[in-house]
1. Take residue 112 and decide whether it is modelled with pLDDT of 85 or more and among the aliphatic types (A, V, I, L, M).
2. List the residue pairs whose Cβ atoms are under 7 Å apart, where the first residue sits in the range 62-88 and is among the aromatic types (Phe, Trp, Tyr), the second is at pLDDT below 90, and the two are 6 or more positions apart or on different chains.
3. How many residues does the range 120-137 contain that are of a type in the set (Gly, Ala, Ser) and crowded, with 17+ Cβ neighbours inside 10 Å?
4. Here is a list of conditions, (1) in a strand (DSSP E or B); (2) farther than 24 Å from residue 58 by Cα, and residue 99 meets all of them except one; can you say which number that is?
5. Looking at 103, 78, 62 in this structure, which one is among the small types (Gly, Ala, Ser), under 25 Å from residue 122 (Cα atoms) and touching a Cys at 6+ places or on another chain (Cβ under 8 Å)?
6. Just name the residue that is surrounded by the most Cβ atoms within 10 Å (Cβ to Cβ) out of those in the range 71-96 that are among the hydrophobic types (A, V, I, L, M, F, W, C) and in a helix (DSSP H, G or I).
Amino acid sequence: MRYIGASLSGDKALRNFQTVLRLSQQTKPRSLYRVIEVTLKQGNLDYAGFVRIKKIEHSNSALIGVMLQSEFEGQGLAYQSQKMLISEASEINHCKTFIAYCAIDNERAHRLYQRLGFHKVRQLLYNHQQSIQWQWGI
């Protein structure tokens with residue numbers, strides 16, 4: 001699973017997913033999470049990852065991110081789920097600007113945000129690693 005930078009081990013990915021489930025069940029969660037599930041050939045559902053959006057207080061902006069297990073990369077799941085979440089946040093939370101951060105060497109994330117219509121804002125240190133800030137606005 002990848003987030004901003006390096007791939008996560010299966011155990012760490014599971015811990016992150018459990019944290020997401022716990023946070024999403026709060027009465028007034030600070031972030032909106034959507035789980036990405038896929039139907040396997042055997043007909044079983046499998047957890048592929050999740051998308052998250054966190055509205056920045058007292059603004060019409062939000063941080064957006066995605067975590068996807070590596071075996072599900074390249075199938076358009078991150079693109080489809082990010083697009084749906086942006087649409088939902090625009091309508092429900094009146095968000096007009098979306099911001100994403102990804103590691104400088106995370107080429108898949110760069111392509112994703114370019115495809116979604118984001119533009120590069122700047123290079124910076126984010127979560128202790130060299131990152132690119134991407135932004136999209138209405």
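The values are calculated or read from the model by the stated rules, or taken from the named source; none is laboratory data. The structure displayed is predicted, hence computed values, not measured ones. Here the Cβ positions follow ideal geometry from the backbone for every residue, glycine too, while neighbour counts run over all protein chains shown.
1. yes
2. 72/38; 72/48; 72/49
3. Here the count works out to 1.
4. Exception for residue 99: condition (2).
5. Just a single option satisfies the conditions, and that option is 62.
6. 78
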